[in-house]
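Where a number appears in this text, it was derived from the coordinates with a stated rule and is not lab data. Treat the numbers as computed from the prediction; the structure is a model and nothing was measured. All Cβ positions, even for glycine, are placed from backbone atoms using ideal geometry, and neighbour counts span all protein chains on display.
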Amino acid sequence: MAEAPSDAAFTGRPAPQRRSWLAGREATIPWITTPLLLAVLVAIWHSYVRVSGISPFILPGPGAVLSDWIDLIQSRRAWFHAGMTVYATLVGFFWAALIGVVLGVLIARIRWLELTLNPFIVATQVIPKVALVPLFVVWFGFGITSKVIVAGVLAFFPILTNTVLGVKSIDEGHRDVMTALNASRWQIFRRLELPSALPYILTGFEVGIVLAIIGAVVGEYLGGNQGLGHLLIQSMNGFETSQMFAVLIQMSLIGFAFYFSIGLLKRLLIPWHATGGA
Amino acid sequence: MVLCFMLSDRVAAPPVIALRAIEKWYGTRDRPVHALSATDLDVGAGELLVLLGPSGCGKTTLLRMIGGLIAPTSGHLSIVGRSLWARGERQSDALADLGMVFQDANLFPWLSIEDNISLPLELKGMSATARRTKAHDLMKLVGISGFEKRWPRELSGGMRQRAAIARALSYDPKILLMDEPFGALDAMTRDAMNLELQRLFLTTEKSIVLVTHSIAEAVFLADRIVLLSPRPGRIDQIITVPFARPRTLELQATAEFQSIVLGLRQRLTEIS
Ligand SMILES: Nc1ncnc2c1ncn2[C@@H]1O[C@H](COP(=O)(O)OP(=O)(O)O)[C@@H](O)[C@H]1O
Ligand SMILES: [Mg+2]
């Protein structure tokens with residue numbers, strides 16, 4: 001009596017129109033092509049440096065960069081700088097996430113608050129926030145605080161706007177279910193609004209964490225004597241170009257680590273969502 | 001004497017839903033929409049009442065007012081003898097007797113099927129083990145056992161709607177309100193769901209108010225059909241459907257069934 005559940009109905013995926021050689025390999029292909037492409041690029045880089053005889057002060061070869069990077073990861077001093085950057089990023093991101101989510105939920109739910117704050121939010125979106133860094137240095141000094149604040153300010157806005165969007169895009173039909181069940185305001189928040197908005201909030205986190213690193217590094221460029229940004233400027237001033245590259249690689253790796261951590265968080269928190277994997 | 005007689009008559013079969021001069025206006029003062037003009041209606045205990053009418057005639061408005069999702073502009077509405085609205089406040093004791101099913105299953109995508117079905121019980125504070133037992137029984141009842149741990153998106157439309165019905169039944173309300181519950185399903189699944197609903201109706205002894213714009217579905221399911229006409233929405237006529245239960249799909253081929261359908265179709269064309 002139950003209708004026969006067909007495969008298509010189960011997976012919710014339409015049958016493929018035409019079988020291409022890509023079918024079923026989409027997940028594995030990047031694992032092969034990415035290292036391959038990387039190897040090709042490094043090879044081009046290497047031959048260009050060899051053939052052109054370009055000065056290592058302008059473009060060092062990949063071999064020199066690699067050995068400098070290995071030096072870097074063996075140096076305690078470099079790890080201290082990396083640690084400072086990570087610290088500024090994480091603390092800034094933490095506050096951005098906390099304030100962004102709480103304020104976002106309030107703005108999405110309280111109409112007069114939204115009407116009051118919206119012009120300011122739009123205005124601050126438009127201001128190039130990196131341009132404010134010197135001001136933060138004046139206000140908060142050359143220490144870690146100004147870096148934390150720059151990281152936080154940059155991460156804050158995508159988290160805020162995504163949270164507002166998430167809370168506002170809650171399905172009306174889902175709301176009807178909760179209303180018909182006579183759910184309390186808290187239950188509606190905890191059981192409907194929060195899980196509904198979570199994919200949006202995590203997307204905000206994904207953008208926010210990357211911006212937080214940028215904020216921390218830019219903060220370090222401009223002042224103080226700590227962090228990978230500072231190390232980069234130091235290498236620049238000493239004409240140690242291959243060390244600059246090594247620091248850049250280190251920064252990128254940290255960026256990847258953070259980005260993938262959020263990806264992991266998505267898998268954990270929203271396994272039901274299409275972007276949550278599984 | 002007369003009063004005494006009337007009283008005992010009311011005690012014998014009190015309506016589970018009673019609408020008195022229920023009226024609904026939408027919109028602003030300068031652009032009001034008269035969705036439903038003053039309407040009286042009783043739904044008996046254990047009755048399957050179908051609201052039928054062209055789109056825009058106020059079926060959804062009427063059902064959502066009964067379900068407490070929107071407030072009537074005026075009139076009085078009682079559920080199993082209790083006022084649904086008092087001083088502009090929705091009364092939660094009256095709501096406990098109502099279960100709602102919508103055109104979309106409206107399952108929460110972040111909850112497993114089992115957790116979706118037991119969501120009302122969770123909101124009412126039932127323990128996790130008791131919820132699980134209850135959810136399993138309900139899934140058996142609506143014919144989706146074995147899908148406990150699946151995500152809603154992994155189920156077909158018909159199965160999702162079964163889960164939605166199970167959710168509405170979870171806290172054992174006396175009344176089930178359904179707004180075009182099978183409107184989004186294909187014809188074959190729809191037939192199956194109609195039979196399934198009749199089976200549930202016969203085994204659970206609920207009163208059901210179901211909205212549809214399918215005439216055949218209305219005649220197949222209903223004890224009584226309330227035909228609504230639009231602009232403004234109002235009751236055009238109420239038709240009692242004589243067929244005994246359980247009804248089978250073959251009933252739809254009989255001359256008597258066809259003649260009721262035809263009569264309704266003619267009237268619908270006139271009022272649309
Ligand atoms: N929220 C609303 N605001 C204004 N008008 C509405 C609203 N909901 C429904 N209406 C109007 O009320 C009338 C009845 O609508 P509805 O109850 O949805 O009819 P049905 O379910 O029979 O199609 C229609 O004219 C519709 O446009
Ligand atoms: Mg409708």
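General observations
- Projected onto their three principal axes, the Cα atoms of segment A:64-276 cover extents of 68, 37, 22 Å, largest first.
- For chain A, the longest piece that avoids every one of the chymotrypsin sites (Phe, Trp or Tyr not before Pro) found in DSSP loops with at most 14 other C-beta atoms within 10 Å covers A:58-238.
- GNM flexibility winner over chain B from B:Arg162, B:Arg224, B:Arg247 (Cα, springs under 10 Å): B:Arg247
- Integer Hz, Karplus 6.51/-1.76/1.60 couplings in order for segment B:223-233, x for Gly and Pro: 7, 9, 10, 9, 8, 9, 10, x, 6, x, x
- Placed amide H near B:Asp236: partners under 5 Å, 5+ positions off or other chain: B:Leu227, B:Leu228, B:Ser229
- Between A:Ile70 and A:Trp21, the simple spin-label model (points 7 angstrom out along Cα→Cβ) gives 3.8 nm.
- Across A:Ile107, A:Ile54, A:Ile214, mean-square fluctuation computed from a Gaussian network of chain A (C-alpha pairs under 10 Å connected) peaks at A:Ile54.
- P(r) weight above 32 Å for chain B, C-alpha pairs, percent: 26 percent
- Listed pairs A:Lys168/B:Lys174; B:Lys149/B:Lys174; B:Lys24/B:Lys174; B:Lys124/B:Lys206 exceeding 31 Å between Cα atoms: A:Lys168/B:Lys174
- Value of relative contact order over segment B:106-172, rounded to a whole percent, pairs C-alpha under 8 Å and six or more apart: 49 percent
- Spread of Cα-to-Cα distances over 5 Å intervals beginning at zero, given as percent, for segment B:143-196: 4, 17, 29, 24, 19, 6, 0
- Net charge of Cβ neighbours under 14 Å - reference A:Leu59; Lys, Arg +1; Asp, Glu -1: -1
- Diffusion constant of segment B:21-131 at 20 °C, which comes from Stokes-Einstein with the Kirkwood Cα-pair radius and 1.002 mPa s, µm²/s: 131 µm²/s
- Of the trypsin sites (Lys or Arg not before Pro) found in segment B:39-111, those that fall in a DSSP loop while having at most 16 other beta-carbon atoms within 10 Å are B:Arg87.
- Charges were assigned to the Cβ only: +1 to each Lys and Arg, -1 to each Asp and Glu. The resulting dipole of segment A:64-276 about its Cα centre is roughly 540 debye.
- Site pair B:Thr248 and A:Leu106 shows an inter-label distance of 6.6 nm when each label is modelled 7 Å from Cα along Cα→Cβ.
- Exposure proxy ranking for B:Met126, B:Met159, based on other Cβ atoms within 10 angstrom of each Cβ and starting from the fewest, stands as B:Met126, B:Met159.
- Near A:Val177, once Lys and Arg are set to +1 and Asp and Glu to -1 for all other residues with Cβ below 11 Å from its Cβ, the sum equals -1.
- Nitroxide proxy distance, nm - points 7 Å out along Cα→Cβ at A:Glu172 and B:Gln237: 3.4 nm
- Part-to-part distance (alpha-carbon centres) for segment A:71-99 and segment A:207-278, which is given in Å: 9 Å
- FRET efficiency estimate (nearest 0.05) - Cβ-Cβ, A:Trp79 to B:Ser127, R0 35 angstrom: 0.10
- Calculated mean residue ellipticity at 222 nm for the protein assembly as shown: -18000 deg cm²/dmol, from DSSP H runs with n ≥ 4 weighted as -39500 (n - 2.57), summed, divided by the residue count and rounded to 500.
- As a size descriptor, the averaged projected area of the C-alpha convex hull of segment B:106-172 was calculated at 3.9 nm².
- Charge-dipole axis of the protein assembly as shown as Lys and Arg at +1 and Asp and Glu at -1 on Cβ define it, positive-most pick from A:Val102, B:Ala218, B:Ala244: A:Val102
- With Cα atoms, 0 to 90° folded angle of helix A:76-109 axis to chain A main axis: 30 degrees
- Think of each Lys and Arg Cβ as +1 and each Asp and Glu Cβ as -1; about the Cα centre, that makes the dipole of the protein assembly as shown roughly 500 debye.
- Signed unit charges on C-beta, dipole axis of the protein assembly as shown, positive-most listed residue B:Met193, A:Ile54, B:Ala166: A:Ile54
- Pairs of C-alpha atoms in the protein assembly as shown farther apart than 31 Å represent 62 percent of all such pairs.
- Here the contact order of chain B, divided by its residue count and restricted to Cα pairs under 8 Å and six or more residues apart, works out to 24 percent.
- Segment A:Leu36-A:Trp139, length gained on full extension (0.36 nm per residue, minus Cα span): 32.3 nm
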